[in-house]
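The values are calculated or read from the model by the stated rules, or taken from the named source; none is laboratory data. Since the structure is predicted, the reported quantities are computational estimates derived from the model, not experimental observations. In this analysis, Cβ positions are derived from the backbone assuming ideal geometry, glycine residues included, and neighbour counts consider all displayed protein chains.
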Amino acid sequence: MSKSKKQITFILPGIIRIPMGGVKVVIEYANQLAERGHRVTLIYPDILGSSNILYKLKKSVVGVIDKINKLEKDLYYTPDQKVNVLVVKKIISRYIPDGDIVIAVGWQSANWVNKLPNIHGEKIYLLQSFETYFKNKKEVISTYHLPLKKITISNWIIDELEKINESALGPLGNSINPKEFFITKPFKERSDQILMMYHPAKIKGATDGIRVLNQLKKENQNLRAIFVAPRKPIHKIPKWIEIFVRPSVETLRELYNSSKIFLHPSHWEGWPLPPMEAIACGCAVVASNNRGISEYLTHTETCLISDIGDTNAMTINVKKLLDNPEIAFSLANKGQAVLEKYSWMKIVDNFESILKL
């Protein structure tokens, strides 16, 4: 328990209407800190802005698509009642509460937080990835040189910051809620079904995943596959693959529990949550060698990993687990033992210590 109560403000990267792992993590930080007696506020800005024309154009296109698909206008995540939530026009002093600590979440809010007067508290930059995959790479990197105290979730992000002569405290790691994700169906009772998180961004490897699944389907006509997506997919998805858009936690838990394998073809992750959720629900993980997955899983011990973009190797790994369910079961079991090392209590303890609360 903290020695004193503090006013802590998180500035999020826009109004979030879809599932987003990094935002879910921040909600959990907020809930846990509020439970420990801190006064926590989440700020969702309507306007952030970027000098990059392509970035602005992409945001506009996404906005139009969301309107066409009638995406809900409400915030996707609802924190505990102890957490104060504010939707503001933009990040300027008059909209931000005075406090002890103000935290920029993502590069989009870092410059704005840097400009805030000191009445809002010590300025922190929470890095959940090294986000140089954006088109406006130079703009993103410039935020890493801002005079903000940096805290990150992964060792590999610390390594990348050191390459540009910057440093960060941490790593914090990541965790999931065991009350949301757990085993409801024994592995041996599951059919040959694969679950994959679909995202249209190139770095998420959707085309790799589709290629792997199509190849597996040719060899096993009984194979089933499920995509879980934040929005209606923009890629052409084979008709035999079932798509769930923004399922509830309860539905997602059952989808994991009906699957033997979780396919994770993503090229770039800070510290991915879905493989943790899948393992907690008893799935074996087959993944691309993004640096986030390697923060907590190990090839042949707790999952099977192939080089990024090597769909032939990934196909072989999945087939190996389908043909040898005892190996898949063993990976899943060992993965669950790893998850026990990461609890929200330990992570928030560490976060409080770094923030000197």
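Would you please name the residue that is surrounded by the most Cβ atoms within 10 Å (Cβ to Cβ), looking only at residues in the range 135-165 that are among the basic types (K, R) and under 17 Å from W112 (Cβ atoms)? It comes out as K150. If you go through the range 108-157 and keep only what is at pLDDT below 95 and within 17 Å of W271 (Cα to Cα), you end up with E131, T132, Y133. Does A278 satisfy the criteria of being free of Cβ contacts under 8 Å to residues at least 40 places away in the same chain and within 14 Å of A332 (Cβ to Cβ)? Judged against the criteria, A278 is not a match.
For the condition touching a Gly at 6+ places or on another chain (Cβ under 9 Å) and among the charged types (D, E, K, R), what is the one hit in E340, E295, E326, E277? Going through E340, E295, E326, E277 in turn, just one is touching a Gly at 6+ places or on another chain (Cβ under 9 Å) and among the charged types (D, E, K, R): E295. Kindly indicate whether R246 is in contact with a Ser or Thr (Cβ under 7 Å, 6 or more places away or on another chain) and either surrounded by fewer than 21 Cβ atoms within 10 Å (Cβ to Cβ) or among the acidic types (D, E) (or both). Against the criterion (in contact with a Ser or Thr (Cβ under 7 Å, 6 or more places away or on another chain) and either surrounded by fewer than 21 Cβ atoms within 10 Å (Cβ to Cβ) or among the acidic types (D, E) (or both)), R246 does not qualify. When D66 is evaluated against the numbered criteria (1) at pLDDT 85 or above; (2) of a type in the set (D, E); (3) surrounded by 14 or more Cβ atoms within 10 Å (Cβ to Cβ), which criterion, by number, is the only one it fails? Among (1) at pLDDT 85 or above; (2) of a type in the set (D, E); (3) surrounded by 14 or more Cβ atoms within 10 Å (Cβ to Cβ), the lone unmet condition for D66 is (1).
So that you can scan it fast, the table gives a plain yes or no per residue for (1) in contact with a Gly (Cβ under 9 Å, 6 or more places away or on another chain); (2) buried (at least 18 other Cβ atoms within 10 Å of the Cβ):
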position	(1), (2)
T300	no, no
C303	yes, yes
D307	no, no
T311	yes, yes
V318	no, yes
I347	yes, yes
E352	no, yes
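Is there any pair with a first residue in the range 159-182 that is at negative phi and a second that is surrounded by 16 or more Cβ atoms within 10 Å (Cβ to Cβ) and among the basic types (K, R) whose Cβ atoms are under 6 Å apart and which are 6 or more apart or on different chains, and what are they? Sorted first by the residue in the range 159-182, then by its partner, the pairs are A168/K150; F181/R253.
Being assigned by TED's automatic domain parsing to the domain that holds E28 and part of a loop (DSSP other than H, G, I, E, B) is the requirement here; does E160 meet it? Criteria not met by E160.
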